[in-house]
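The values are calculated or read from the model by the stated rules, or taken from the named source; none is laboratory data. Computed from a predicted model, the values in this text were never measured in an experiment. For neighbour counting, all protein chains shown are included, and Cβ atoms are generated from backbone atoms with ideal geometry for every residue, glycine included.
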Amino acid sequence: MSSKPLGQYKLWFVAGSQELYGEEVLATVAADAREIAAALDQSAALPVAVVLRDVPTGAEAIRRLCLEANADDDCVGLILWMHTFSPAKMWIAGLSLLDKPLLHLHTQFHRALPWAQIDMNYMNTHQSAHGDREFGFLETRMRLARKTVVGHWQDERTLSRIGDWARAACGWHEAGRLTVARFGDNMRDVAVTEGDKVEAQLRLRFSVDGYGVGDLVEVMDAVAQQEVAALLEEYEDSYEMAPELLAGGERRESLEVAARIEAGLREFLTAGGFGAFTDTFEDLHGLRQLPGIAVQRLMADGFGFAGEGDWKTAALVRIVKLMATGLDGGTSFMEDYTYDLGGEVPLVLGSHMLEVCPSIAGARPRCEIHPLSIGAREDPVRLVFDAAPGPAFMFSMLDMGERFRLLAAEVDVISPPHELPKLPVARAVWKPKPDFATAAEAWLLAGGPHHSVFSAALGTEVLTDFAQIASLELLLIDERTRIRDFANEVRWNQAYHRLAGGL
């Protein structure tokens, strides 16, 4: 069992060369590649296993290598490095077939040159500066989507960047296997949560399957009472409990209903192989409560979720959670709700009706029950907490018609400046970057949705790598954002993607 957080996945490490230099040089190439691959595999910066492949020296070997990578379900990508000069035309056939993410590592085996010992044999053997330029030309000529990392293979920054890309490659692997269960349809008359599910599967690989809420209720009703009892015990061990929800309390039955909903949802999703799901308060037939604590706990266990039938955000929550595996900080479904414009620095109060993941909590959540003035059902049980202070990002995905756009915004989460005694939901308070007005205007210019993925675990490098792998447009709002430049970027992107879509 691998100790790496995503150790079930593998990256293949491949060093390029050719027959011209003879067996002795090829043996050196193989030995050096073995040492680099082992170092990458042992590095804590890389969340996946790294597997060394034989040095290919001809077009047929490269073609077979790429086909084998495509067929290996555990391989999430290839790291390619040209140890010597490797004539790039022999890579064309294989790379034309490759369907896995590609990272071009521009490094060399020795950090420093042995100046007094350099001879032509050394130059021929250690000419990555030569070979990688040949290979980089071909990648560009073939218009290959790839990440290029430059730096010595033992440098922390090099390893960190490879690790970020590895997480993105795992996210793309997950997208290709992800199915979203959709209970009911979108919230009626809402535009941004709609989208083309067929186009999403063609471009992003995940699928979305619709189910009636009655299908879930059937599973929920069949849950054994001992399973409900076990969940009640787990709630009491894990959270601060409102007295009325404890055994003998006047609202204990509501907690039992919430536990049955969780057990039924978990059974439905697990049995169906779903990694994410949506629901909507406009379609709760057969459910006594809008799922609250059930959704929160399922998200904490890695499932993606979004409300009001927002399947795009539900899928993105799952993908971001997978990419963040093993990192500090949590990831949750989130919504910009309201602003505080009365202080020196404007603030955003983010929340949702019930469904915010406790992985972002700053302290032990409290399990409470309160009315919900929407959905026309019984009072739902939910976990109440404040998000932990610190840096975080908001990620959203929207359907632009001819393409999908990823939007990311950098924020600083703070403790709420005042108590919120009458707001019994989980929430986060943050300061947008570079400032409130610029961030909000840029978000609106980009068509940003009200739903988003809140992550205190991932930064933009991983999302940038994911967007590159998935051929997605990405817009970033951060400390350097200026509205004039951002508006121009939106316009230029529009032109580029329309032209590229027609080529």
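Consider the stretch 415-444 and keep the residues that are of a type in the set (D, E, K, R) and more than 14 Å from ASP336 (Cβ to Cβ). The one that is surrounded by the most Cβ atoms within 10 Å (Cβ to Cβ) is LYS433.
Residue by residue, here is whether (1) more than 16 Å from the chain's Cα centre (by Cα); (2) at pLDDT 95 or above; (3) closer than 22 Å to PHE393 by Cα; (4) outside the structural domain of VAL48 (by TED's automatic domain parsing) holds:
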residue: ILE293; (1), (2), (3), (4): yes, yes, no, yes
residue: ALA300; (1), (2), (3), (4): no, yes, yes, yes
residue: LYS312; (1), (2), (3), (4): no, yes, yes, yes
residue: VAL317; (1), (2), (3), (4): no, yes, yes, yes
residue: ALA324; (1), (2), (3), (4): no, yes, yes, yes
residue: GLY329; (1), (2), (3), (4): no, yes, yes, yes
residue: ASP340; (1), (2), (3), (4): yes, yes, yes, yes
residue: SER351; (1), (2), (3), (4): yes, yes, yes, yes
residue: ALA361; (1), (2), (3), (4): yes, yes, yes, yes
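From the list ASP412, ASP478, the one residue that fits, being surrounded by fewer than 22 Cβ atoms within 10 Å (Cβ to Cβ), among the charged types (D, E, K, R), assigned by TED's automatic domain parsing to the domain that holds TYR339 and under 28 Å from LEU144 (Cβ atoms), is ASP478. Here ARG133, ARG157, ARG143 are screened, and the one residue that is out of contact with any strand residue (DSSP E or B) (no Cβ under 7 Å at 6 or more places or on another chain), surrounded by fewer than 18 Cβ atoms within 10 Å (Cβ to Cβ), outside the structural domain of ASP465 (by TED's automatic domain parsing) and farther than 26 Å from VAL29 by Cα is ARG143.
Answer with yes or no whether ALA300 is in contact (Cβ under 8 Å) with a residue 24 or more places away in the chain, in contact with a His (Cβ under 6 Å, 6 or more places away or on another chain) and of a type in the set (Gly, Ala, Ser). Steps first, answer last, please.
Working: in contact (Cβ under 8 Å) with a residue 24 or more places away in the chain: yes; in contact with a His (Cβ under 6 Å, 6 or more places away or on another chain): no; of a type in the set (Gly, Ala, Ser): yes.
Criteria not met by ALA300.
Condition (residue is in contact (Cβ under 8 Å) with a residue 12 or more places away in the chain, assigned by TED's automatic domain parsing to the domain that holds LEU322 and over 23 Å from the mean Cα position of the chain (by Cα)) applied to the stretch 442-464: is it met by at least one residue? Yes, some residue in the stretch 442-464 is in contact (Cβ under 8 Å) with a residue 12 or more places away in the chain, assigned by TED's automatic domain parsing to the domain that holds LEU322 and over 23 Å from the mean Cα position of the chain (by Cα). Highlighted here are the strands (runs of 3 or more DSSP E) found entirely within the stretch 95-198 that include at least 3 residues which are in contact (Cβ under 8 Å) with a residue 60 or more places away in the chain: 179-183. Please verify whether VAL413 is out of contact with any Ser or Thr (no Cβ under 7 Å at 6 or more places or on another chain) and either modelled with pLDDT under 95 or part of a strand (DSSP E or B) (or both), treating the condition exactly as stated. Yes.
Checking the condition surrounded by fewer than 24 Cβ atoms within 10 Å (Cβ to Cβ), β-branched (Val, Ile, Thr) and in a helix (DSSP H, G or I), which residue from THR325, THR270, THR313 passes?
Numbers: THR325 fails: in a helix (DSSP H, G or I); THR313 fails: surrounded by fewer than 24 Cβ atoms within 10 Å (Cβ to Cβ).
Checking each option against the conditions leaves just THR270.
Checked against (1) of a type in the set (D, E, K, R); (2) over 21 Å from the mean Cα position of the chain (by Cα); (3) at pLDDT 95 or above, ASP283 meets all criteria but (3). Tell me which residues, restricted to the stretch 25-60, are out of contact with any Phe, Trp or Tyr (no Cβ under 7 Å at 6 or more places or on another chain) and either exposed (fewer than 15 other Cβ atoms within 10 Å of the Cβ) or of a type in the set (D, E, K, R) (or both). Matches in the stretch 25-60: ALA27, ALA31, ARG34, GLU35, ALA38, ASP41, GLN42, ALA44, ASP54, GLY58, GLU60. For the stretch 58-101, the set of residues classified as over 26 Å from the mean Cα position of the chain (by Cα) and among the small types (Gly, Ala, Ser) consists of GLY58, ALA59, ALA61, SER86, ALA88, ALA93, GLY94, SER96, listed by residue number. Does GLY7 satisfy the criteria of being crowded, with 22+ Cβ neighbours inside 10 Å, within 30 Å of ARG177 (Cα to Cα) and within 26 Å of the chain's Cα centre (by Cα)? No: the conditions fail for GLY7. Please verify whether the stretch 237-260 includes one or more residues that are surrounded by fewer than 16 Cβ atoms within 10 Å (Cβ to Cβ) and in contact with a Ser or Thr (Cβ under 7 Å, 6 or more places away or on another chain). Scanning the stretch 237-260 turns up no residue that is surrounded by fewer than 16 Cβ atoms within 10 Å (Cβ to Cβ) and in contact with a Ser or Thr (Cβ under 7 Å, 6 or more places away or on another chain). For the stretch 289-310, enumerate the residues that are under 15 Å from ALA426 (Cβ atoms) and not in a strand (DSSP E or B). Answer for the stretch 289-310, where residues must be under 15 Å from ALA426 (Cβ atoms) and not in a strand (DSSP E or B): LEU290, PRO291, GLY292, ILE293, ALA294, VAL295, GLN296, ARG297, LEU298, MET299, ALA300, GLY307.
Every residue, every condition in (1) in contact with a Lys or Arg (Cβ under 8 Å, 6 or more places away or on another chain); (2) at pLDDT 95 or above, yes or no:
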| site | (1), (2) |
| --- | --- |
| TRP81 | no, yes |
| PRO87 | no, no |
| MET90 | no, yes |
| LEU103 | yes, yes |
| HIS106 | no, yes |
| ASN124 | no, no |
| ALA129 | no, no |
